[in-house]
Amino acid sequence: MLGKAKIVIGRNDPCPCGSGKKYKMCHQAIDQKMVEFARKGAYVPSKKLLKKPAEIEKIKESAKINVAVLDYIAENIKEGMTTAEIDKMVHDKTIDMGGIPAPLNYGGFPKSVCTSINDVVCHGIPSEHEVLKDGDIINVDVSTILDGYYSDSSRMFCIGNVSEENKKLVEVTKKAVELGLEQVKPWGFLGDMGQAVGDYIKENGYSVVEDIGGHGVGLEFHEDPFVAYTTKRGTDMLLVPGLMFTIEPMVNMGTKEHFTEESNGWVVRTKDGKPSAQWEIQVLVTETGHEVISW
Ligand code: MF3
Ligand code: CO
C-alpha cells in the first residue's frame with residue numbers, strides 16, 4: 001500500500017538481530033509474543049530497547065571494566081582516605097583499561113564517580129575535604145563507557161566499625177536487590193521485580209526513594225524504562241529478552257523524603273538526616289531468565 005509500506009521479514013530471511021540465523025529459528029517467536037502482549041494492552045518495550053547479540057557483547061566488555069574498577073575500590077577503600085582519592089582511583093583505573101568514566105561531565109557532573117556517605121542518598125561529589133571515618137557507610141557508583149557502550153553498577157562499603165543498625169540497612173538493601181533479580185524473567189513484568197524489592201524494604205521498616213530509580217542502560221547511559229520499586233506485580237513494562245536495565249533502590253532508614261543541595265545541584269540527602277543505602281546491578285533479560293551484566 002502506498003505510504004504504508006511495512007517491511008515484512010520472511011521466515012527464512014536472516015534474523016534482523018544479526019545472529020546469522022534464520023528469522024524463524026531466532027526472533028520470530030519473540031516478535032509474535034510481543035504482538036500478542038501488545039494486543040492485550042501490555043506495556044511492551046520498543047524494539048530499540050532490545051539489545052542485539054553483538055551489542056550485548058560490547059556492553060559486557062564495558063562492564064568488565066566497571067566490575068574491575070569496583071573490585072579495585074573494594075580492595076583499597078579505607079578509613080582516612082578522601083573521596084577525592086576514590087575518584088582518582090576510579091578515573092585512572094577506568095582510563096588504564098581503555099574506558100571513559102561516564103559520570104565525568106555528564107550533565108555537568110564534575111567528577112568520575114558518585115560517592116554517597118551516610119545521609120547522602122545519591123550523586124555525592126568526591127572531595128578532597130571529605131574523609132572516610134570509622135563507622136561510615138558509603139556507596140560508590142561507577143559507570144563506564146567503552147566504544148560508546150555503557151555499564152553501571154554500585155556497591156556499599158562499611159568503613160571500620162559500623163553500627164548494627166547501619167549494617168542491617170546495608171544488608172537489607174543488598175537482599176532487596178537479590179529478591180528483585182529473582183523476578184527478572186522473560187514474559188514477566190517489571191512490576192514483579194518492583195514489588196519484590198519494595199515489599200522487602202517495607203517489611204524491614206525502611207522507606208524507598210520514589211522519584212529517583214533505575215533505568216534502561218547499554219546503548220545510552222539512561223534509557224527507558226524508569227525502574228521503580230513501588231510498582232505492583234503484573235504491571236509496568238513487559239520483560240522481553242534483550243531488555244537491559246539497572247536495579248538500584250535507594251533505601252532510607254527514616255523518611256523517603258530528600259532534598260538536593262542547592263550549592264551544587266547534585267548531592268541528594270535524606271530530609272531527616274538518617275542514613276540511606278543503595279546497591280546497583282545491571283541486568284539483561286535472556287530467553288531463559290536473566291544475566292547480571294555489571295555488579
Ligand atoms: N550512576 C548513576 C546512575 O545510576 C548516575 C550518576 S550520573 C552522575 O544512574 F552524573 F551523577 F554521575
Ligand atoms: Co544507574
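The values are calculated or read from the model by the stated rules, or taken from the named source; none is laboratory data. Note that the structure is predicted; figures quoted are calculated from it, not measured. Here the Cβ is made from the backbone with ideal geometry for all residues, glycine too, and neighbour counts use every protein chain on show. Ligands, DNA and RNA are excluded from the accessible area calculation, which covers all protein heavy atoms including side chains. Shrake-Rupley method; radii C 1.70, N 1.55, O 1.52, S 1.80 Å.
Would you mind getting the Kirkwood hydrodynamic radius of the chain from its Cα pairs, rounded to one decimal in Å?
20.0
Pop out the carbon and sulfur fraction of the accessible area of segment 37-146 as a percent, whole number, probe 1.4 Å.
53
Once you keep just the Cα pairs under 8 angstrom separated by 6 or more residues, what percentage relative contact order results for segment 149-215?
On the way: 33 pairs, mean separation 15.6, N = 67.
About 23 percent, as a whole number.
Return one quarter of the surface area of the convex hull spanned by the alpha-carbon atoms of segment 189-269, equal to its mean projected area, in nm².
So the Cα hull casts an average projection of 5.9 nm².
Each residue of segment 266-280 in turn: what ³J(HN,Hα) in whole Hz from Karplus with 6.51, -1.76, 1.60 and θ = phi - 60°, glycine and Pro shown as x?
Each residue's phi maps through the Karplus curve to give 10, 5, 9, 10, 5, 5, 8, x, 7, x, 9, 10, 7, 10, 9 Hz.
Given the convex hull of the Cα atoms of segment 131-209, what is a quarter of its surface area in nm²?
Working: hull surface 29.5 nm².
So the mean shadow area of the Cα hull is 7.4 nm².
In deg cm²/dmol and to the nearest 500, what is the mean residue ellipticity at 222 nm of the chain if only DSSP H runs of at least 4 residues count, each as -39500 (n - 2.57), divided by the residue total?
Rounded to the nearest 500, the figure is -9500 deg cm²/dmol.
I want to verify a result. In a Gaussian network model of the chain, Cα cutoff 10 Å, which of these has the top mean-square fluctuation: I100, I212, I117?
I212
For M250, list long-range residues whose amide hydrogen, built 1.01 Å from N in the peptide plane, is under 5 Å from its own amide hydrogen.
V209
Starting at 0 and stepping by 10 Å, how many percent of the alpha carbon pairs of segment 158-295 end up in each bin?
13, 42, 32, 13, 1
Which ³J(HN,Hα) values, rounded to whole Hz and listed in residue order, are derived for segment 27-42 from phi using the Karplus coefficients 6.51, -1.76 and 1.60 in 6.51 cos²θ - 1.76 cosθ + 1.60 with θ = phi - 60°, glycine and proline given as x?
Values per residue, Gly and Pro as x: 8, 4, 5, 5, 4, 5, 5, 4, 5, 4, 5, 5, 4, 7, x, 5 Hz.
Provide the gained length on full extension for the span K22 to K133, in nm with one decimal, where the gain is 0.36 nm per separating residue minus the Cα-Cα distance. Walk me through the numbers before you get to the answer.
Working: separation 111, 0.36 × 111 = 39.96 nm, distance 5.83 nm.
The span from K22 to K133 would gain 34.1 nm if fully extended.
Could you tell me the accessible area of K174 in Å² (1.4 Å probe, neighbours in place), rounded to the nearest ten?
Per-residue accessible area (K174): approximately 80 Å².
For the pairs K51/K185; K185/K232; K64/K256; K48/K111; K58/K174; K93/K174, flag any whose C-alpha to C-alpha distance is greater than 22 Å. Walk me through the numbers on the way to the answer.
Details: K51/K185 15 Å; K185/K232 16 Å; K64/K256 33 Å; K48/K111 30 Å; K58/K174 27 Å; K93/K174 25 Å.
Those over the limit are K64/K256; K48/K111; K58/K174; K93/K174.
What do you get for the angle between helix 164-182 and the principal long axis of the chain? Use alpha-carbon atoms, 0 to 90 degrees, nearest ten.
10
Rounded to the nearest percent, how much of the accessible area of segment 176-285 (1.4 Å probe, protein heavy atoms only) is carbon and sulfur?
C and S fraction of accessible area: 49 percent.
Can you tell me the 0 to 90 degree angle between the C-alpha axis of helix 53-76 and the longest principal axis of the chain, rounded to 10?
Between the helix axis and the principal axis of the chain, the angle is about 10 degrees.
Quick one: ranking H215, H129 by accessible area, 1.4 Å probe, largest first, what do you get?
Putting H215, H129 in descending order of accessible area: H129, H215.
Please calculate how many Å² of accessible area segment 36-168 carries per residue, with a 1.4 Å probe and no DNA, RNA or ligand atoms counted.
Dividing the accessible area of segment 36-168 by its residue count gives 47 Å².
Keeping all protein chains in position, work out how much accessible area L284 exposes to a 1.4 Å probe, and write it in Å² to the nearest 10.
10
With a point put 7 Å past each Cα toward its Cβ, work out how far V8 is from E171 in nm, to one decimal.
Here the answer is 6.1 nm between the modelled labels.
At 1.4 Å probe size, what's the solvent-accessible area of L104? Round to the nearest 10 Å².
We get 60 Å² for L104.
What is the helix-to-structure angle for 190-203, meaning the angle in degrees between its Cα long axis and the longest Cα principal axis of the chain, kept from 0 to 90 and rounded to the nearest 10?
30
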